[in-house]
Amino acid sequence: MSDPTERLEDVLIRFHEAVDAVTPGVIDAWISDYPQYADAIRAEALEILKLPYHGGATAAEYQPRDYTAKVQAAVRHATERVEKTEVPDLRAALERQELDVRTFAARLGIARSIVSDIGTGQIVPSTIPGWFKRAGAECLGCAIEWFEAILENSRPRALTAAFKASEPPTTGRARTWDEAIRASGMSEDRKAFWLTGRG
């Protein structure tokens, strides 16, 4: 699998440099490696197909291709589309990948309660470490930045008053990552791994 942290601009530059002939197979291969940039890769493939034919050009006539402007325009276009796209919360993102909290937690090797607490905003997103973000993004097949946006968008659900409640319901204080890991039922070695990022 590709590096989910790779920037769109770098991917498109490599696409231009690596692709000699645009074919459906080539496009599918790049999209399977970079599903988070699928639309931008398709757009670039169409742009390449529109480029003038340089076959048979002499060395004097040959002009090296400058992809910078095209890549920057594609990055701007993709960024505008992402900004218009509604960021899901963690549960919705998992559902889009046909995953549930239990399966996602099992794939990461972390307590289901931690994933559940993240999904309901019970863990402060800014305290979630990079190693969890990298693992989660890889498991979902998305860029780390997108996964971070998903974590930030995961908020507590609205509470409803219980039967015969005299006061409106309130939420407790969200915990930090360290507090949640230490309070979990995981084994000490799994806690150590998720606290330090080293196993």
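No lab work stands behind these numbers, since they all come straight from the coordinates. Everything quoted here is computed from the prediction, not taken from an experiment. Glycine gets a Cβ as well: all are built from the backbone with ideal geometry, and neighbour counts include every protein chain shown.
The label point for N153 and the one for T23, both projected 7 Å from the Cα toward the Cβ, are 3.7 nm apart. The slack between R190 and T127, meaning 0.36 nm per residue of separation minus the straight C-alpha distance, is 20.9 nm.
Given their separation in residues at 0.36 nm each and the Cα-Cα distance between them, R7 and D39 gain 10.1 nm when the chain is fully extended. Residue separation of S113 and A73 scaled by 0.36 nm, minus their Cα-Cα distance, works out to 10.1 nm of gained length. Distance between the 7 Å Cα→Cβ label points at R14 and R102: 3.7 nm.
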